[in-house]
Structures are given as structure tokens and as C-alpha cells.
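Contents: one structure, followed by commentary.
A short reminder: the numbers here are calculations on the coordinates, not readings from a lab. Everything numeric in this text was worked out from a predicted model, so none of it was measured. Here Cβ is always computed from backbone atoms with ideal geometry, including for glycine, and neighbour counts include all displayed protein chains.
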Amino acid sequence: MTRSAALRLHCGDAVDATRWLDDADDVDARVLRHVVGPVLDIGCGPGRHVVALAERGVVALGIDIAASALAVARGRGAITLERSVFSRVPASGRWRTAMMLDGNVGIGGDPEALLRRVRELLAVGGSAIVEADPAVPGRATHTVRLEVGDTPGPWFELTPVAIDDIAGLALRSGFRVMTQWSDGRRHFAHLVSR
């Protein structure tokens, strides 16, 4: 199995993402208790959350644009599609939970547009679980790609979102914050579609 992963910034810097290749950890397991199936994992990468949900008997589909990450996910038994959330997604309007963990609430460079798109994909009363940063200086959008081993994925825009900005972002996107919490150094929010 490939044992390295990085989120590469267009400037050349990289953030180690090797933990995404591991199984879901205790923090992930506690987050996944908040989901109701069927679940759409947006930006699933190597699929650790999809696998953990399947092991609990929860129907889950992971979508991502990085073929190398999806190959790892499929090798683990995750059900995935190589797809952007902004293109056609199966079962649109029927997902009970959408997950955007590991900072994926910033996929596409416009978190508000992403959450509006997620609302279209959710069933009535559906919810979103998001992971945000503790603080974001400025609000810069970065061009990044996921590299798994020596294989790079396509470039995409990513805008970090601070946990303190989640309530306002949710409100502007048609959600409300049901709960917000920290676990270790990670920060999460459970958003419910209004």
C-alpha cells in the first residue's frame, strides 16, 4: 500500500497528509457517530471515512477528483466515484448526510457555493458534518493538489475556513449550526439544512 500522501500547494510547499492513508482514528470514529445514512463523503481521498462507515453498516459513497487517492480507497473496499461535487452526483436530493472533513468545506475555493451545492444534494432535513480550521489569517484561496505516493491529482482551489466563521457561512448557505465542538486539535460543526 502507498505510504505517503501530501497536499501540495501550487507554490511548491506541501502539507503532510499521510494520516489520510491510515484507518479512521478515534477522533474520526467520534465524528462519524453524528452521521445518518446514506452518507456522501465529499473529497473522500483515500477513503478512510467511507470504509469506517461501511464497517458500521452505514451506506456511504465517497467522491473525489484524485484518481490515485480513489485507487487506494477502492483497494480498501470503499465505494467511490471519480467526480467533482459540482458535477452530476448520483442520488441527488436523497443523501441524509454530507461530510466535508479534513478541511474539505473549502473545496472549490468558495465555501458558500459549496454548501449551497450540498443543500441541493441533501434530502429534506439533511445535514452536513464539516471540519474547519482553528483560525485562518486572511481568507486566502490556495491552488492545491493531492499527491498519493508519486502520483499527483489535478489542481483545485481550496479556501480554508475558520471554525469561528462556520455559523455565518451556514446561515448564508441555508443551514443552521446544530452543534459545534473540538476534539483534540480538530474542530467540527454539524449543520442542518433549513
TODO: Sort Leu7, Leu114 so the one with the fewest other Cβ atoms within 10 Å of its own Cβ comes first.
DONE: Leu7, Leu114
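Kirkwood hydrodynamic radius, computed over distinct alpha-carbon pairs, for the range 26-122: how many Å, to one decimal? Provide the component values of the computation, followed by the final result.
Details: mean 1/r = 0.0758 Å⁻¹.
Roughly 13.2 Å, rounded to one decimal.
Can you say what percent of the DSSP beta bridges in the chain, counting only those with both residues inside, are antiparallel? Round to 5.
Values: 28 of 44 bridges.
Taking every DSSP beta bridge with both residues in the chain, the antiparallel ones total about 65 percent.
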- [ ] May I ask you to sort Arg117, Arg19, Arg83, Arg3 by Cβ crowding, counting other Cβ atoms within 10 Å and putting the fewest first?
- [x] Arg3, Arg19, Arg83, Arg117
Open item on the list: What's the magnitude of the charge dipole for the chain around its Cα centre, counting Lys and Arg as +1 and Asp and Glu as -1 at the beta-carbon? Answer in Debye, nearest 20.
Closed with: 700 debye
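Using a 10 Å cut-off around each Cβ, can you sort Ser193, Ser4 from fewest to most neighbouring Cβ atoms?
Working: Ser193 19, Ser4 12.
If I rank by nearby Cβ atoms, fewest first, I get Ser4, Ser193.
Arrange the peptides 35-44, 148-157 so that the one whose residues have, on average, the most other Cβ atoms within 10 Å appears first. Walk me through the numbers before you get to the answer.
On the way: 35-44: 22.9, 148-157: 15.4.
Ranked from most to least packed, the peptides come out as 35-44, 148-157.
Please compute the net charge surrounding Val177, taking Lys and Arg as +1 and Asp and Glu as -1 over other residues with Cβ under 13 Å from its Cβ. Working shown, then result.
On the way: positive: Arg172, Arg176, Arg194; negative: Asp164, Asp165.
Within the 13 Å Cβ shell, the charges total +1.
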